[in-house]
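Only one structure is covered here, and it is reproduced in the block below.
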Amino acid sequence: MRAIGKVILRTLLQAIPTMLGIVLISFILLHLMPGDAVDAIAGMSGSASQETMHAMREAYGLNDNIVVQFWNYITGVFSLNFGQSINYSAPVLDVIMERLPATLILMLSAFVLALMTGILVGWGMAVFAGKWPDRLLTSGSLLFYSAPNFWVGLMIIVVFSAKLRWFPSGGAESIGASLEGWAWFLDRLHHLVLPSVALAAFFMAIYARLTRAAMLEVLRQDYIRTAAAKGIHPVVIQFRHGLRNALIPVTTVAGLHLGNLLGGAVVVETVFNWPGLGRLTMSALAARDNQVLLGILLLSSVAVIVTNVVIDWLITLLDPRIRA
Amino acid sequence: MAKKVPVLELLNLRVGFPGAEIVKGINLEIHEGEKVALVGESGCGKSLTAFSILRLLPNGAAINGGQVIYDGLDLATLPAWQLRRIRGKGIALILQEPMTSLNPVLPIGLQIAENIRAHETMSRKAVNERVIELLDLVGIANPRERARMYPHNFSGGMRQRVMIAMAIACNPRLLIADEPTTALDVTIQAQVMDLLEDLCSKLNMAMLLITHDLGAVAQWADRVAVMYAGRIAEMAPIRPFFTGPRHPYSQGLLNSSVEDDWHYTDTRLTEIKGTVASSAGEKGCAFAPRCPFAAAECRGAPPPLEEVRKGWLAACYRREAIQALQEGAAHVPA
């Protein structure tokens, strides 16, 4: 088994040109947007004079030529200095790192939830293919597949929070309740349920349909008949010979989705008032806090690249044919 | 010589898809240690017959009637859990396509061990030793290392050897081989057939070989059953079959093969005109539309299997007339 850490490092080094491209394009796009951070601040304070605004721009380096600004930014990045957030008056890295854990928890729980329920539901659909449970689940998954996640989020808030009062409608923990230990953990978990479901719904529907298709394909294979001819129990055949093979395409697609999952998190965090990167992105956009936005974009591309390596590695565990 | 104890008996077995009966009532018995070949062209129902024995039919197909008697039990109606005790233990199956009949993501050793563990309670170590012994038995070198490898590490012939090792893992009394060499290179085909023959006599295993390779049948089987359009046309011990088959379809089959060391041949390679599909809607003998000897009597009802000699059956109304005709022709001075 190759050392996964070494592979990640090598992939990251190979990805440097890609990441440079991403930074360059985002930098140009952000500069093409009308207005800048100083406009946003002036708008908030209401009455800043032209001179004050000019002085502020001078202080933040916003009057420099765009090439100079890019050079300043990129040389900073190589020494792990991602610049200063104008909005928060703090280093970008600190601002991001403060929000990152909440987003990671949300993404991870949504991802695990989507994979597990998706595979389980898809397996059920395949077992009952063509019968009423399959039709019911197929229509259900079509609903989740086509509904936008902010709408799903709002609907489950209406039902499970406003009406049934089972779960809180937003935030990551109960405000003002200084809980410790298990009580703290359960409180966080309680807050995590609805946003995870809202984020997972779309992906769950995809994985369910994918598992169904893969499973039906696999169950037609000759080796399933071989397994049955050995006198193995049908449930063992379904899992060891069926699902084991059907998981390969599902895992591949799930790996490709991690970037989309981050995009979905931005919207869901806004709906659920979740203190993560998604909401940071929205507020940085509103405040034209370009350094923070660039930092988030760079971090997300690194995250997507790393998770792809991990997924590739997982697939080699599942499928011996692609092991070198 | 084979003892006369039937391992498996098919009694009036009928198999079909909804709206189409493919196997139309087959009677066949296979005795202890006997090697029976079931031959016929594609679409005649020979594979369906083989799969129906262990109820491993493709989706949609079902046994419509008749019995499959093994060990005093009717496999056609046996509860699934009881049937599982026979699958892989009393009766084993080898499929045609070794490239797709092994699970690509599991090591071959595990796939063989699975068969053993499904039927015997043995320690993990004993199972592993047995797997290595089996791989060695089917002629795979370095079995200890090879057991940990995956199907894609093996060639087609080697995979078929793995399939055979899997099939004989629990010393079955009957091995069903559905065209076990069709997908292999010609040079490998002979090796695999030799291996199967060797194992049959070593383990005193009966074998039902589904094939359309008459060369393999001639070398190898004790008895042959020729199937045509879902019925048995002729069933005979191997020697009389190759020297003087009685059913016109059997004669056609032999005439369309290139082997020249069989006694029954009129030296030219000929085809049987038409296809199996020509028999669709035929009330009488299914072969009549393609038969050069067909007469009015052939169109009434399907001909019954009648004894030619002891242990030799043929289903043809004009059997005697044809024989007289052919023997007459043979006596005409050149």
Checklist entry - Can you find even one residue in region A:199-219 that is hydrophobic (A, V, I, L, M, F, W, C), touching a strand residue (DSSP E or B) at 6+ places or on another chain (Cβ under 6 Å) and closer than 24 Å to B:Gln160 by Cα? => result no
Checklist entry - Yes or no: B:Leu56 open to solvent by less than 20 Å² (accessible area, probe 1.4 Å) and within 10 Å of chain A (Cβ to nearest Cβ)? => result yes
Next on the checklist: Take the conditions modelled with pLDDT of 90 or more and at the interface with chain A (Cβ under 7 Å from one of its Cβ atoms) and apply them to B:Leu93. Does it pass?
Outcome noted: yes
Item to check | Members of region A:296-323 found to be acidic (Asp, Glu) and more than 17 Å from A:Arg10 (Cβ to Cβ), listed by number | outcome: A:Asp319
Next on the checklist: Tell me whether region A:245-258 contains one or more residues that are more than 14 Å from chain B (Cβ to nearest Cβ), in contact with an Asp or Glu (Cβ under 7 Å, 6 or more places away or on another chain) and open to solvent by less than 40 Å² (accessible area, probe 1.4 Å).
Outcome noted: no
Next on the checklist: List pairs: first residue in region A:99-112 and within 15 Å of A:Thr307 (Cβ to Cβ), second residue aromatic (Phe, Trp, Tyr) and assigned to a helix (DSSP H, G or I) anywhere in the structure, Cβ distance under 8 angstrom, at least six positions apart or on different chains.
Outcome noted: A:Ala110/A:Phe203; A:Phe111/A:Phe203
Item to check | Evaluation of A:His190 against (1) farther than 21 Å from A:Val268 by Cα; (2) open to solvent by 10 Å² or more (accessible area, probe 1.4 Å) (one fails), failing number | outcome: (1)
Next on the checklist: Checking the structure you have, find out if any residue of region A:196-205 is open to solvent by 70 Å² or more (accessible area, probe 1.4 Å) and either closer than 30 Å to B:Arg55 by Cβ or of a type in the set (Phe, Trp, Tyr) (or both).
Outcome noted: no
Checklist entry - From the list A:Met116, A:Met125, which one is more than 21 Å from A:Pro275 (Cβ to Cβ), assigned by TED's automatic domain parsing to the domain that holds A:Thr251 and in contact (Cβ under 8 Å) with a residue 24 or more places away in the chain? => result A:Met125
Checklist outcome for this item: When restricted to B:Val186, B:Val192, the only residue open to solvent by 10 Å² or more (accessible area, probe 1.4 Å), more than 19 Å from A:Val236 (Cβ to Cβ) and aliphatic (A, V, I, L, M) is B:Val186
Next on the checklist: Quick check on A:Phe185: is it open to solvent by 60 Å² or more (accessible area, probe 1.4 Å) and within 30 Å of A:Phe150 (Cβ to Cβ)?
Outcome noted: yes
Checklist outcome for this item: Of the residues in region B:279-319, those that are part of a helix (DSSP H, G or I) and surrounded by fewer than 12 Cβ atoms within 10 Å (Cβ to Cβ) come to B:Ala296
Checklist entry - Which helices (runs of 4 or more DSSP H) does region B:190-269 wholly contain that include 1 or more residues that are under 14 Å from the mean Cα position of the chain (by Cα) and at pLDDT below 85? => result B:214-220
Checklist entry - Which ones in region B:6-48 are of a type in the set (A, V, I, L, M, F, W, C) and open to solvent by 70 Å² or more (accessible area, probe 1.4 Å)? => result B:Phe17
Checklist entry - If only one of A:Gln84, A:Gln69 is open to solvent by 70 Å² or more (accessible area, probe 1.4 Å) and not assigned by TED's automatic domain parsing to the domain that holds A:Ile248, which one is it? => result A:Gln84
Item to check | Residues satisfying the stated conditions in region A:89-104, i.e. buried (at least 18 other Cβ atoms within 10 Å of the Cβ), out of contact with any Phe, Trp or Tyr (no Cβ under 7 Å at 6 or more places or on another chain) and not polar (S, T, N, Q) | outcome: A:Ile96, A:Arg99
Item to check | Subset of region B:96-136 (residues that are open to solvent by less than 40 Å² (accessible area, probe 1.4 Å), closer than 24 Å to B:Gln189 by Cα and facing chain A (nearest Cβ under 7 Å)) | outcome: B:Ser101, B:Leu102, B:Asn103, B:Pro104
Item to check | Filtered residues of region A:239-279 (kept if of a type in the set (A, V, I, L, M) and either within 28 Å of A:Arg225 (Cα to Cα) or not in a helix (DSSP H, G or I) (or both)) | outcome: A:Leu243, A:Ala246, A:Leu247, A:Ile248, A:Val250, A:Val253
Checklist outcome for this item: Filtering region A:274-324 down to residues that are of a type in the set (D, E, K, R) and within 14 Å of another protein chain (Cβ to nearest Cβ) yields A:Asp319, A:Arg321, A:Arg323
Checklist entry - If you go through region A:2-25 one residue at a time, how many are at pLDDT 75 or above, within 16 Å of A:Ser300 (Cα to Cα) and under 22 Å from the mean Cα position of the chain (by Cα)? => result 11
Checklist entry - Within region A:248-266, restricting attention to residues that are modelled with pLDDT of 85 or more and among the β-branched types (Val, Ile, Thr), which residue is farthest from A:Gly170 (Cα to Cα)? => result A:Ile248
Checklist entry - Considering only helices (runs of 4 or more DSSP H) fully contained in region A:19-120, which possess at least 1 residues that are farther than 30 Å from A:Gly171 by Cβ and among the hydroxyl-bearing types (Ser, Thr, Tyr)? => result A:50-60, A:66-78
Next on the checklist: Give all pairs with beta carbons closer than 9 Å in which a residue from region A:210-233 that is in contact (Cβ under 8 Å) with a residue 24 or more places away in the chain and among the basic types (Lys, Arg) meets a residue that is part of a helix (DSSP H, G or I) and open to solvent by 50 Å² or more (accessible area, probe 1.4 Å); count only pairs at least 6 apart in sequence or on separate chains.
Outcome noted: A:Arg212/A:Trp123; A:Arg212/A:Leu137
Next on the checklist: It is to be established whether one or more residues within region A:147-159 are touching an Asp or Glu at 6+ places or on another chain (Cβ under 6 Å), open to solvent by 80 Å² or more (accessible area, probe 1.4 Å) and touching a residue at least 12 places away in the same chain (Cβ under 8 Å).
Outcome noted: no
Checklist entry - When you scan region A:280-291, how many residues do you find that are part of a helix (DSSP H, G or I) and under 13 Å from A:Asp36 (Cα atoms)? => result 5
Next on the checklist: Show me the helices (runs of 4 or more DSSP H) entirely contained within region A:129-238 in which 2 or more residues are within 22 Å of the chain's Cα centre (by Cα).
Outcome noted: A:132-146, A:149-156, A:181-219
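The values are calculated or read from the model by the stated rules, or taken from the named source; none is laboratory data. Nothing here was measured: the structure is a model prediction, and the numbers come from that model. For neighbour counting, all protein chains shown are included, and Cβ atoms are generated from backbone atoms with ideal geometry for every residue, glycine included. These area figures cover heavy atoms from the full protein model, side chains too; ligands, DNA and RNA do not enter into them. Shrake-Rupley method; radii C 1.70, N 1.55, O 1.52, S 1.80 Å.
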